[in-house]
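Here's the structure we're looking at; comments come further down.
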Amino acid sequence: MSVAAQQELVERVWARDAAVWTGADEDRWLGWLDEPKRMGERVGEIVAFAEEARTKFDTFVLLGMGGSSLAPEVLKRTFGKKGFHVLDTTHPAMIRHAEEFIEVDRTLFIVSSKSGGTLETLSHFAYFWEQTGNGDQFVAITDPGSQLEQTAKGRGMRAFAGEPTIGGRYSALSPFGIVPAALMGIDVERVLGNAERMAEACRGETNPGLELGLRLGDAWREGRDKVCITETEGRFGLWAEQLIAESTGKHGKGLVPAPGETPSGVDRQGAEVELGEPHEIGAEFFRWEFAVAIAGSILEINPFDQPDVQAAKDKTKEVLDSGEDPALEPEGSLDELLAGAEPPNYICVQAFIDPVREGELQPLIERAHETGCVVTSGLGPRYLHSTGQLHKGGPPTGVFVQVVDDTGDEISIPGQEFGFGRLIRAQAEGDYRSLQERGRTIVRVRLEDL
């Protein structure tokens, strides 16, 4: 692409030209381009709220999934914040762990959902609300007019409004990332200042976002669709995974994010995370957002929709509505799956397990690496809101290993006929069936059998 063509592409992105992609409704989802500046105008209110909250509460627990949880999780890890926790699993063991490390009366719960209808988040909200019933201990982050916003008002909770023209995976620099960051005590003005500078750079001739986006897209054209992201201490790849997978993995094509994997291989490309110091994460969030939008134009897809995400949700609902409680027995042969895998396959470990036991997946991951394939792994149900779109809508090169464990004693969800254990089992079964329907190779194994 000539320099003139590159500059024209950048100008068209900033002009909200949907024809850069598919000419559908992409122009409606570009609010993230201006969000660093817009948030700069709101930062005083957010910081004042956070400073007051930190005088009242010792611990903060964010209840959210996907775009509402991954940026806060990466910010927490990047800045090494101990008193902030992200609850993005329905596994009963993690609910029990949460109750061990928090003093409920000294905890502020952040209920974070753009749509205001995320099943997992509302289940966590109902559970902790029953324990406290105190609106002063909850804050909502949601888009204007959502049911969650109405509930928050009715319960006397503080609510921060998101920007409706931004999709979840592009919301790191919106209230969904910045309010939690302020509650952690991070200098959010500095983070946003870096983001603003990057946004300006992504208008100019020396354009870091364009450069990364063109590299991602050009390598994809060459068949190098596995993006091996350098892993950071703060696990930046956890956030970048959703951005890349959900934005590009559709219509049978897509980029496969693989944090921490080596870039050597015919189907791989490397991608560096540029973080000189933690506050530069604001710039890095924006650079990657811009880059993935550019890559989407090369792939000729709409980077802002997620046509296959609903599939697993629908299957989960089917299982729950049937009254069935899946036994999640082992299915298929792991040995045969691994024996048949070779590049350009990628092996994806989908673990519906207690997150504290994630390290026990390592022997399986090491075995998978022996195939020469890129190996990715994700905890369920978190990955359903992150890489799930790619698994179902992206290139049919993924082979999947679902790992399950014993969820232990049931924990009921107020207002529901099912508890957290049955919910996570239904989510595992729903995704298994959804992948099978799409002809994907998948087996199920027990964690204790690895």
task = Give the dimensionless ratio obtained when the Cα radius of gyration of segment 113-270 is divided by 2.2 N^0.38 Å.
result = 1.27
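Leaving ligands and nucleic acids out of the surface, order 54, 446 by accessible area at 1.4 Å, largest first.
Listed by decreasing accessible area, they come as 54, 446.
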query = Bin by bin, in steps of 5 Å, what percent of the Cα pairs in segment 1-54 do you find, going until the bin that has the longest distance?
reply = 4, 16, 16, 15, 13, 10, 8, 7, 6, 3, 1
key: Sorted largest first, extent of segment 162-205 alpha carbons per principal axis (Å)   = 36, 24, 13
query = Gap in Å between the Cα centre of segment 176-246 and the Cα centre of segment 282-309?
reply = 10 Å
inquiry  = Taking amide H atoms as placed 1.01 Å from N in the peptide plane, list the residues 5 or more away in sequence, or in a different chain, whose amide H sits under 5 Å from that of residue 231.
reply    = 260
query = For segment 311-450, what is the convex hull volume of the alpha-carbon atoms per residue, in Å³?
reply = 104 Å³
ask   = In bins 10 Å wide, starting from 0, what share of all Cα pairs of the chain does each bin hold, as a percent?
value = 4, 22, 32, 27, 13, 2, 0
Options 260, 372, 93, ranked by Cα towards positive dipole end of the chain, top entry (Cβ charges) = 260
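Could you please tell me the mean projected area of the C-alpha convex hull for segment 371-412, averaged over all directions and given in square nanometres to one decimal?
Averaging across all directions leaves 4.3 nm² for the Cα convex hull.
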ask   = Taking the Cα centre of each part, how many Å lie between segment 35-61 and segment 1-27?
value = 35 Å
Per-residue HN-Hα couplings for segment 159-175 [Karplus 6.51, -1.76, 1.60; θ = phi - 60°; Hz; x = Gly/Pro] = 10, 10, 8, x, 9, x, 8, 10, x, x, 6, 9, 9, 4, 9, 9, x
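Sort 205, 324 by heavy-atom solvent-accessible area, probe 1.4 angstrom, most to least. The partial results should precede the final answer.
On the way: 205 165, 324 70 Å².
Correct descending sequence by accessible area is 205, 324.
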ask   = Over the Cα atoms of segment 31-148, how large are the radius of gyration and the largest Cα-Cα distance (Dmax), in Å?
value = 14.4, 41
ask   = Mean separation of Cα pairs under 8 Å and 6+ residues apart, divided by the residue count of the chain: what relative contact order is that in percent?
value = 18 percent
ask   = Regarding segment 287-386, what is the average projected area of its C-alpha convex hull, in nm²?
value = 9.1 nm²
key: Straight-distance crosslink candidates among lysines, where the alpha carbon sits under 21 Å from residue 313 and sequence neighbours closer than 8 are dropped   = 114, 250, 392
remark   = With every protein chain in place, the accessible area of residue 420 for a 1.4 Å probe, in Å² rounded to the nearest 10, comes to 0 Å²
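The values are calculated or read from the model by the stated rules, or taken from the named source; none is laboratory data. Computed from a prediction, not measured in an experiment: that's the story for all the values here. So basically every Cβ, Gly included, is an ideal-geometry build from the backbone, and we count neighbours across all protein chains shown. Side chains are part of the model used for accessible areas, which takes the heavy atoms of the whole protein and leaves out ligands, DNA and RNA. Shrake-Rupley method; radii C 1.70, N 1.55, O 1.52, S 1.80 Å.
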